[in-house]
Amino acid sequence: MADTDMSVATDTQVSPLVCRAATAVVYAFLLAVFLLGVGEFSPWVILGIAAVHAYAFIAYKYWSGLERTGTGDLVVAAVSAVFVIAALINWGSFSAYAWETFFGMAVVQGGILCVVQYWKTLRQAPPSAWFGLIVVMVYALLAILAPIVAPFGETSIVGSQYELWGAACTKVELCPPEAGAKQMILGTDHLGRDMLSRLIYGARNTIGLAFLTTILAFSLGGVMGLLAASLGGWVDNLTSRVVDILMAIPSLVFSLLILTVVGTSYVSIVLVIAVLDSTRVYRLARAVAMNIVVMDYVEVAKLRGEGLWYIIRHELLPNAMPPLVAEFGLRFCFVFLFISALSFLGLGLQPPTADWGSMVKENATLITFEDVTPLVPAGAIALLTVGVNFVVDWFLHKTSGLKS
Amino acid sequence: MSDTTEKAPPQKGDVLLEMRGLRIEGRADEVWFEIVHGVDVTLKRGEVLGLIGESGAGKSTIGIAAMGFARDGCRISDGEILFEGQDLRKTPESELRKLRGNRISYVAQSAAASFNPAHKLIDQYCEAPTQHNVLSRSDAERDAVSLFRRLQLPDPENIVFRYPHQVSGGQLQRAMTAMAMSCRPDLIIFDEPTTALDVTTQIEVLAAIKDAVKQFNTAAIYITHDLAVVAQMADRIMVLRYGDLVEEGVTGPMVAEPQEDYTRDLLAVRTFSVEERARPESKPIVEVRNVTAQYRGAPTPVLHNVDFKIHKKRTVAVVGESGSGKSTTARVITGLLPPLEGEVLYDGQALPKDFRQRNKDQLRKLQMIYQMADVAVNPKQRIRDIIGRPLSFYLGLSGKKKEERIRELLSLIELEPDMFIDRLPSELSGGQKQRICIARALAAEPEMIICDEVTSALDQLVAEGILKLLTRLQDELDLAYMFITHDLATVRAISDEVVVMLQGRVVEQGPRTEMFTPPHHEYTDLLLSSVPEMDPNWLDGLLDRREQLAKEGRMVSGAGN
Amino acid sequence: MDKILKMMSQRIGLGLITLLLVSMIIAGIVELLPGDMCQEILGQAATEETVANCRTENGLDRPFYVRYGEWLVGMVTGDMGKSLANKREIAELVGVRLGNTLFLAAYAAAISVPIALTLGILAALYRNSFYDRSVNVFTLSTISTPEFFVAYILILFLSVKAGIFPSISNIAPDHGFLDRLERSTLPAFTLTLVVVAHMMRMTRAAIINLLASPYIEMARLKGLKPGRIIVKHALPNALAPIINVVVLNLAYLIVGVVIVEVVFVYPGLGQLLVDSVSKRDFPVVQASSLLFAFTFIALNLLADILSILSNPRLLHPR
């Protein structure tokens, strides 16, 4: 993001004490989570402690390297404090999930830091973009903190089939009476599992998978596209023809065909969709890079005798960044919808994993009884993609508007 | 030059158009800011008014406002626009429509883009007369042929039935002028009608426009950045700068005795010139030997037997119109286009044909500066990195030494190091960007620099600054220049030797003084005589001379536009 | 004209080659199975004998290129082999289904194309107005929405609550045209909602791009009426991009039907494909994939050819 055209807050008003103190508190807190929360020592805990140190180091370095404002520092510190306090109040569940707490903190701090950093630009953003940003943040937090936030387990059966919204949990072993009455806010599904909990776990499964797939698709398609554009000649011809062929088969049909053969597992879903989707990334990356390659400054670099790597890294990539970032958002939506569609068809994530697409399918019959429960996971999918699209739309408008 | 007015005659001298306190705003990033700050324009019937200024002067915006029109992203915010006493700002759109194309018409800069590719010329010509109920379709068609003939378009009976893409640029520009005259308007706005054309084509279009305007006693607003062109066309000239009027006056006196410094500067641009240096005896630094080159997939070569030499500390100007192969020659020298036959020698040694086979030192010694500084610097790199890269790449400089050298180079190109070193290209003006490109070339410590139309995208005063800088650097650093240009004024200003190219061949070459004194090759003659001069009578005189020549049976023709 | 003919035959040739390669991929993909098709279907428990029987029955004992050749010839001549699941002729199975799918796609296209073009052109003409902005938000939302979400909302309101249309589109060959129309209305509406947004946004972008061109400004400065500018100057040049938009979205429709068919239990090709995938009925999956791919390639080819035909520079060469 550092390469985009967005203006940074310039009225510098450094308050090093606040940010140092905040960093120290966060550091101590995360360390405590890893040390106290986990009973016995394992490689995971050691890794976790190392991660906390790395995080604190990066946070300190990066934070002090930014052009920032005093108010910005206070906001970041305050939000971090809120997170710490919330965790201290629910110490039991937070400390049981040290990694979740760690990543949750990272997302909260990173997100707020971005908001503060790009405040001047964000302030002019339309409401739709704000809506999108908030949705994305909330989803990210839910996905990371799923086991902490969800009232019940992902697969635990808490009641009978299709219980109504707000029904009380009666299973004694799950909801002991002395802990107070616990409700199933969205009722139960076709197997008597809590809808809300599965919804929250579903966020983690579906979003995580889609995110991973998109990153893969991007690495593959982006690298190939940039290479094809800068090398030209037979490399470009060959890759472009292969991509043409792959794109000649509708992707849903193609992936159904492959999944019939290789079977539906996490790995095969991720790989198949990533490869199919990388074709579209390739097209865009190549087209964008092609427009840059013909620029005189690339010719200058070539005539200087620069190598391929330098040209891609220093001449192509920085200029191709804005459209690629926007494309990342759009591709994520596409992949996310695609995985949901596959799951809906019963060919994606397999039960008992909670997944929004299959949750719609499993509970679809409720619709005929005027029960909107199956619409909730469907709506959750729609909400996220709408949110991402709003942000991307604004980003595209912003970056293209700055050019003219 | 007899007056054969067709319209109601003796109104000449009445005020036709008057714009008072005209203010126009443009929008950027949702904020309106003023680009024209209260300009007054008065135009009498049958008068030609020249609007002149550099880019950003608001001349085009003012011209188009005379039609009560503002482009998307612009608005007329204040003032009166009185056309025959009627305020166009208060006239409803439907009434304005009846004026546009009928009483006031417009000739755009790029005829190729302004003709609709989907319709024949005749259909587009007839549209205004039939829509405004001035002429019937058949009358309009007949009229089109006679106007096309009047404007010297070849084979008018057939050319009218062609599609725009089937007609050359110069012809299209004349066809557009004809179209603007289709309703015999009282006023025509010419918006840089010859800027995109080659010099030899420009003459033909200028002559056609001048003749037609005079013929129908049409008033015109002629917009251009070229003072010499406007001197030929206009009765009166308004000089504009940054949306303000600088000076206004009758053409002859203004050109002879400008009142304002700015106008004087604009006029003086063409007088800058350096002394020609004697040809040295030493062997040439670069020698292009019998080069024939062809683009991949093209049916015929673009260069045929091109052969010339460039000596140390000298400037060789390569001139020619578009398509003459002058830029291709540069590509052959830099190794971007390996030649079919022939070779390029550097210091007597043959250079590898493909730049990828040249070593770092060969690449370093031969640098290039481009026409569009905008796309020649990476918009995402800071000045420090743009200039610093050749330093570390070729010379292995780093840290403090590199920083010092970058600052030195910035001072050399007359930019304050502290102010500019950390800027992005988007924070620079066009001329400053071109200076950065020069600094980047210098950073490599080259022996020769190829300058490919380096001044043609710049305003005249800025361009002059760049030329002066280049000559100063040449003296200080003993550089050789290959200067590619279509602008003969530039050639006259800085060259030691001239190479004239036409359709991929070298037509004539020699020292500057020799080249600028007759007798020349026929094409050189055409090229040289086509460069507009400040003298308001130059065009008429030239046309008379050419007519005389034609009578003697000597036809001169240009690059085929 | 020669140039046009040459370009068109090039495109068609390219399309045929693509189709051939695609058919190879579709046929070859089954070869990627760890064992082979018979092993896979019959499972580990099957005896050597039954597997061998199955192999001879399906011709798996012959080399791939022979089987591919036969399969391709069969596809072209309409002899597509038999389904593994119920031993029925695939051609029979697929034929009716394809008809149904095309009917649904055509129905959806008939509603969506006029709506999308009108909305798109209007949004371009009044760009940055309140109408344009709200349409932008609305279309962004529908694009981001999964088809089944739209489908279930329509079912909830139009079928369950209002009871206007049936929520299940069980169509049989003996149903009359009107009956069919009524039964497939909800799936068609769903597809329309999804596709209109895409088509509208693309139309809007194409028209805005066009309206910025100098010849439109010239037409305005000639004092032409807005209607005439649109009809005479914008439309002839907008034809190519608009045709492209429509045809590409038709291709999208053909594919988009898969999910909609499953939601509404509509007996189309998509439903068949999904069923066969879960049954691992390879020959049916291959046949229907090829049909989908064929339609997709054919429509893209059509878009290409139409845009060549509507280019004045190519129609009237120098």
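For segment C:117-126, does any single residue satisfy the condition of being open to solvent by less than 30 Å² (accessible area, probe 1.4 Å), touching a residue at least 40 places away in the same chain (Cβ under 8 Å), β-branched (Val, Ile, Thr) and more than 8 Å from every other protein chain (Cβ to nearest Cβ)?
Within segment C:117-126, none of the residues are open to solvent by less than 30 Å² (accessible area, probe 1.4 Å), touching a residue at least 40 places away in the same chain (Cβ under 8 Å), β-branched (Val, Ile, Thr) and more than 8 Å from every other protein chain (Cβ to nearest Cβ).
When you look at C:LEU273, is it surrounded by fewer than 19 Cβ atoms within 10 Å (Cβ to Cβ) and more than 30 Å from B:LEU96 (Cβ to Cβ), yes or no?
Details: surrounded by fewer than 19 Cβ atoms within 10 Å (Cβ to Cβ): no; more than 30 Å from B:LEU96 (Cβ to Cβ): yes.
So C:LEU273 does not fit the description; no.
Take the conditions closer than 25 Å to B:GLN202 by Cα and either outside any loop (DSSP other than H, G, I, E, B) or open to solvent by 10 Å² or more (accessible area, probe 1.4 Å) (or both) and apply them to B:PRO518. Does it pass?
Numbers: closer than 25 Å to B:GLN202 by Cα: yes; either outside any loop (DSSP other than H, G, I, E, B) or open to solvent by 10 Å² or more (accessible area, probe 1.4 Å) (or both): yes.
So B:PRO518 passes the test.
Out of the residues in segment B:103-118 that are open to solvent by 30 Å² or more (accessible area, probe 1.4 Å) and of a type outside the set (A, V, I, L, M, F, W, C), state the one that is farthest from B:MET176 (Cα to Cα). I'd like the intermediate steps shown before the answer.
So the first thing to find is which residues in segment B:103-118 are open to solvent by 30 Å² or more (accessible area, probe 1.4 Å), and the list is B:103, B:109-110, B:112-113.
With of a type outside the set (A, V, I, L, M, F, W, C) added as a condition, the list becomes B:103, B:109-110.
Numbers: B:ARG103: 16, B:GLN109: 10, B:SER110: 10 Å.
Across segment B:103-118, the extreme among qualifying residues is B:ARG103.
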Tally of residues being in contact (Cβ under 8 Å) with a residue 40 or more places away in the chain and under 25 Å from B:ILE310 (Cβ atoms) across segment B:516-540 = 3
Among residues belonging to segment C:224-269 that are free of Cβ contacts under 8 Å to residues at least 24 places away in the same chain and outside any helix (DSSP H, G or I), point out the one that is most open to solvent (accessible area, probe 1.4 Å).
-> C:LYS225
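Taking the conditions exactly as written (part of a helix (DSSP H, G or I), away from chain C (no Cβ under 14 Å) and either under 28 Å from the mean Cα position of the chain (by Cα) or in contact (Cβ under 8 Å) with a residue 24 or more places away in the chain (or both)), does B:ILE81 satisfy them or not? Full working, then the answer.
Details: part of a helix (DSSP H, G or I): no; away from chain C (no Cβ under 14 Å): yes; either under 28 Å from the mean Cα position of the chain (by Cα) or in contact (Cβ under 8 Å) with a residue 24 or more places away in the chain (or both): yes.
No.
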Any chance segment B:439-456 includes a residue that's surrounded by fewer than 18 Cβ atoms within 10 Å (Cβ to Cβ), at pLDDT below 90 and of a type outside the set (Gly, Ala, Ser)?
-> no
Given the residues B:PRO338, B:PRO301, which is the only one that is open to solvent by less than 70 Å² (accessible area, probe 1.4 Å), over 19 Å from B:TYR481 (Cα atoms) and modelled with pLDDT under 90?
-> B:PRO301
Considering only segment B:361-374, how many residues are modelled with pLDDT of 90 or more and either aromatic (Phe, Trp, Tyr) or not in a helix (DSSP H, G or I) (or both)?
-> 5
Check segment A:310-330 and report whether any residue there is more than 30 Å from B:CYS437 (Cβ to Cβ) and of a type outside the set (A, V, I, L, M, F, W, C).
-> yes
Out of all the residues in segment B:314-334, which are open to solvent by 10 Å² or more (accessible area, probe 1.4 Å), under 13 Å from B:ILE450 (Cα atoms) and not hydroxyl-bearing (Ser, Thr, Tyr)?
-> B:LYS326, B:ARG331
Which pairs do you get when a residue that is assigned to a loop (DSSP other than H, G, I, E, B), found in segment A:82-97, comes within reach of a residue that is among the β-branched types (Val, Ile, Thr) and open to solvent by less than 80 Å² (accessible area, probe 1.4 Å), reach meaning Cβ atoms under 9 angstrom, with the pair 6+ apart or on two chains?
-> A:ASN90/A:ILE148; A:TYR97/A:VAL33; A:TYR97/A:ILE148
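Scanning segment C:142-177 for residues that are of a type in the set (Ser, Thr, Tyr), in contact (Cβ under 8 Å) with a residue 40 or more places away in the chain and at the interface with another protein chain (Cβ under 8 Å from one of its Cβ atoms), which turns out farthest from C:THR101 (Cα to Cα)?
Here is the first cut: in segment C:142-177, the ones of a type in the set (Ser, Thr, Tyr) are C:142, C:144-145, C:152, C:159, C:167, C:169.
When the remaining residues are screened for being in contact (Cβ under 8 Å) with a residue 40 or more places away in the chain, the result is C:142, C:145, C:152, C:167, C:169.
Narrowing further to those that are at the interface with another protein chain (Cβ under 8 Å from one of its Cβ atoms): C:145, C:152, C:167.
Numbers: C:THR145: 22, C:TYR152: 20, C:SER167: 17 Å.
Step by step, filter segment C:142-177, then rank; the result is C:THR145.
Could you pull out every one of the helices (runs of 4 or more DSSP H) wholly within segment C:106-212 that has 3 or more residues that are of a type in the set (Ser, Thr, Tyr)?
The helices (runs of 4 or more DSSP H) meeting that bar are C:130-144, C:185-211.
Of the residues A:GLU362, A:GLU299, A:GLU306, which single one is within 22 Å of A:THR385 (Cβ to Cβ), open to solvent by 10 Å² or more (accessible area, probe 1.4 Å) and among the acidic types (Asp, Glu)?
A:GLU362
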Among (1) more than 25 Å from B:THR218 (Cα to Cα); (2) among the hydrophobic types (A, V, I, L, M, F, W, C); (3) away from chain C (no Cβ under 14 Å), where does B:LEU22 come up short?
-> (1)
Is it true that some residue in segment A:324-338 is over 17 Å from the mean Cα position of the chain (by Cα) and touching a residue at least 24 places away in the same chain (Cβ under 8 Å)?
-> no
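Just checking, does segment A:371-390 include any residue being over 30 Å from B:SER426 (Cα atoms) and surrounded by fewer than 18 Cβ atoms within 10 Å (Cβ to Cβ)? Before the answer, list the steps.
Initially, segment A:371-390 is screened for residues over 30 Å from B:SER426 (Cα atoms), giving A:371-387.
Checking which are surrounded by fewer than 18 Cβ atoms within 10 Å (Cβ to Cβ) leaves us with A:371-372.
For segment A:371-390, residues over 30 Å from B:SER426 (Cα atoms) and surrounded by fewer than 18 Cβ atoms within 10 Å (Cβ to Cβ): present.
Of the residues that make up segment C:281-290, is at least one open to solvent by 30 Å² or more (accessible area, probe 1.4 Å), within 11 Å of chain A (Cβ to nearest Cβ) and assigned to a helix (DSSP H, G or I)? Even if it seems obvious, please write down each step before you answer.
First pass over segment C:281-290, keeping only residues open to solvent by 30 Å² or more (accessible area, probe 1.4 Å): none.
No, the conditions are met nowhere in segment C:281-290.
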Residue count, segment B:488-515 (criterion: without any contact (Cβ under 8 Å) to a residue 40 or more places away in the chain and either in a helix (DSSP H, G or I) or open to solvent by 50 Å² or more (accessible area, probe 1.4 Å) (or both)) = 2
Sole residue being over 17 Å from B:ARG103 (Cα atoms), open to solvent by less than 20 Å² (accessible area, probe 1.4 Å) and modelled with pLDDT under 90, chosen from B:ALA57, B:ALA28 = B:ALA57
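Quick one: would you say C:ALA85 is among the small types (Gly, Ala, Ser) and not in a loop (DSSP other than H, G, I, E, B)? Explain how you work it out, then say what you get.
Values: among the small types (Gly, Ala, Ser): yes; not in a loop (DSSP other than H, G, I, E, B): no.
Considered against the rule, which asks whether it is among the small types (Gly, Ala, Ser) and not in a loop (DSSP other than H, G, I, E, B), C:ALA85 comes out as no.
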Per the filter on segment B:345-360, residues more than 14 Å from every other protein chain (Cβ to nearest Cβ) and either touching a Cys at 6+ places or on another chain (Cβ under 8 Å) or not in a loop (DSSP other than H, G, I, E, B) (or both) are B:LEU345, B:TYR346, B:GLN349, B:ALA350
Heads up, the helices (runs of 4 or more DSSP H) in segment A:238-330 (entirely inside) with at least 2 residues that are facing another protein chain (nearest Cβ under 7 Å) and at pLDDT 90 or above are A:296-304
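The values are calculated or read from the model by the stated rules, or taken from the named source; none is laboratory data. What you see is a predicted model, and the numbers here were worked out from it, not measured in a lab. Heads up, the Cβs are rebuilt from the backbone with ideal geometry, glycines too, and the neighbour counts pull from every protein chain shown. Just so you know, the surface numbers come from the protein's heavy atoms only, side chains and all, with ligands and any DNA or RNA stripped out. Shrake-Rupley method; radii C 1.70, N 1.55, O 1.52, S 1.80 Å.
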